[in-house]
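Data first, discussion second: the structure below is written as structure tokens.
Please treat every number below as a calculation from the coordinates, not as lab data. Treat the numbers as computed from the prediction; the structure is a model and nothing was measured. Neighbour counts run over all protein chains shown; Cβ positions are idealised from the backbone, glycine included.
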Amino acid sequence: MVILIVVHLNISVYTHCMQTIPINTYNSPTIISELIMRLKIKDVMTRSLISVPMGTTMREVQKLMREKRITGVPVVDNKRLLGIVSMDDIIQALDFGYIEEKVEDHMSSNLILLDEDMPISFAIKYFDRYRYHRFPVLNKEKELAGIVTTRDIITRLLWEINNEVDSLERENLAVASSEGISLEHQVYPVRKLDFENAGHASTEIKKTLKQSDLFPRTIRRAAIASYELEMNIVVHSNGGTITAQYFPDKVIIIGEDTGPGIENLDEALKQGYSTATEWIRSLGFGAGMGLPNVKSVSDDFSITSTPEKTIVKSTILFSENEKKNLDKRS
């Protein structure tokens, strides 16, 4: 049985039986898109690492790979990652006759690293961009915390999808006793460059909307608007808040930050325009699609900006059938 998961980027995930599962986040099911936004690399990575110290020979690594059935071994000194010996490195050592030499002379030391608090969307983009089989993951102390592979991501996504389906079934059973949207508004603080908690506000807003009889498309539009506004505050501002205001006929999502402001609003609303730094771009953000995406899912959209404050307001209107469902339950 081959499982096809469609998400956003075209990468191939190799299972133990060498089947290929393409991952492509364009036109993705909402549930998978939301999981990719919510899950962090630390949620999916392998923590039980097999590593070797400096001074280990390539022959010893070859034996370790054969015994443990692995294809890559980190070289570590006092929890600090120095390099990785891959199966390709071992093959070259055998071919060129230096299999008895030390790992520090032949390991791959020019590494591309991930942070454990990054969303798994970062890892997916990195797998697509670099075509590597694995990436080392560092913690806040810059110590080696784990290794992430495409198989790790797929395994966790499948587990989360099953849990989500079970949760949806329980929610459907509880709908008859629910009283719809009971909150008038929610306010969530958002901190600058806080990637660890990025996505919390949009997840909570989505949970609130799912308690009602709103259609999945409406919930998805609100989730996109809140997530993009939240990430804009994390990436581009000095911090701020996300506010969700609930009404019988609509939900209004407001992103408000404390500067530094947007110099050219017209340019900021064009797809592809971005003022993100190279570091932010290297993390997979700053593609210039945030505000255009918010505007595209909104029935009404407004933005004002000064050096001290930027306020973006997105209004999502409910359909007539949705309003009738809410009226019946109010």
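Structure data summary
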item	result
Cα-projected label distance for H200 with T258, points at 7 Å along beta-carbon direction, nm	1.6 nm
Extension reserve of the I50-L64 stretch, reckoned as 0.36 nm per residue once the Cα distance is removed	4.2 nm
Sequence-separation-based contact order of the stretch 50-104, relative, with Cα cut under 8 Å and 6+ spacing, percent	45 percent
Rg and Dmax [Cα atoms of the stretch 36-142; Å; Rg one decimal, Dmax integer]	14.6, 47
Ratio Rg/Rh, restricted to the stretch 180-329 and using Cα atoms, in which Rh is the Kirkwood radius	0.99
Per-peptide average of other Cβ atoms within 10 Å, ordering 250-261, 297-308 highest first	250-261, 297-308
Links that overshoot a 30 Å alpha carbon limit, given the list K42/K207; K125/K323; K40/K313; K210/K295	K125/K323
